[in-house]
1. Which trypsin sites (Lys or Arg not before Pro) does region 71-100 hold that lie in a coil by DSSP with at most 12 other beta carbons within 10 Å?
2. Give the dimensionless ratio obtained when the Cα radius of gyration of region 70-142 is divided by 2.2 N^0.38 Å.
3. If I take every Cα pair under 8 Å that is 6 or more residues apart in region 70-142, average their sequence separation and divide by the length, what percent do I get for the relative contact order?
4. Order of 128-140, 9-21 by packing, highest average Cβ count within 10 Å first?
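No lab work stands behind these numbers, since they all come straight from the coordinates. Because the structure is predicted, anything quoted here is derived from the model rather than measured. Here Cβ is always computed from backbone atoms with ideal geometry, including for glycine, and neighbour counts include all displayed protein chains.
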Amino acid sequence: MASVELLPREEVALLLGSLTACGFLVLGILDVLWPPVSRRRDRPRAPSAAAPGVAQPAAPPAKLPPPPSALAVGRTLIERARAEIDLERRVTILTRAVAGLSRALQTTPDDHGLAATLTSARALLWETWEKIALSRLAAAMPWGASALTAPARESRPTLPSPPQLVAAKPSDLP
């Protein structure tokens, strides 16, 4: 009688892997050809011809509210940016506000409220970029960041006005 030789472990593992892959292939093909019941019911059904006397209720027309104006959206984004702590996120919000307000100002160039909101958004964006630049510069400095903190816009010292030239009278000259 002939003895049966056992397969090595590697061949058994390869055989099991191949059988599993073939099983998944068959399941995938069956899933495409005959989808499960839950996916079949997701499709809208045609009205049943068995009950012609039953009227189906009509869906009420959905009224959407009018879209907000560009000025309202810009002001909302500016307020959201002022409340944001993360400076990178604030730049993203302000960039979107400036882009939307700029587009709106191109269509209505005579809107002064829109222009003022755009100017304030750009000023806040510039201030945020300054803060980011100063924080990055302070992080790169070995001696610390105390010298690089920017004062708030309201508390920044204003430059003194230049001295006024006054014409001297001939009697005041020596």
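1. none
2. 1.23
3. Reported relative contact order: 34 percent.
4. Going from most to least packed, we get 128-140, 9-21.
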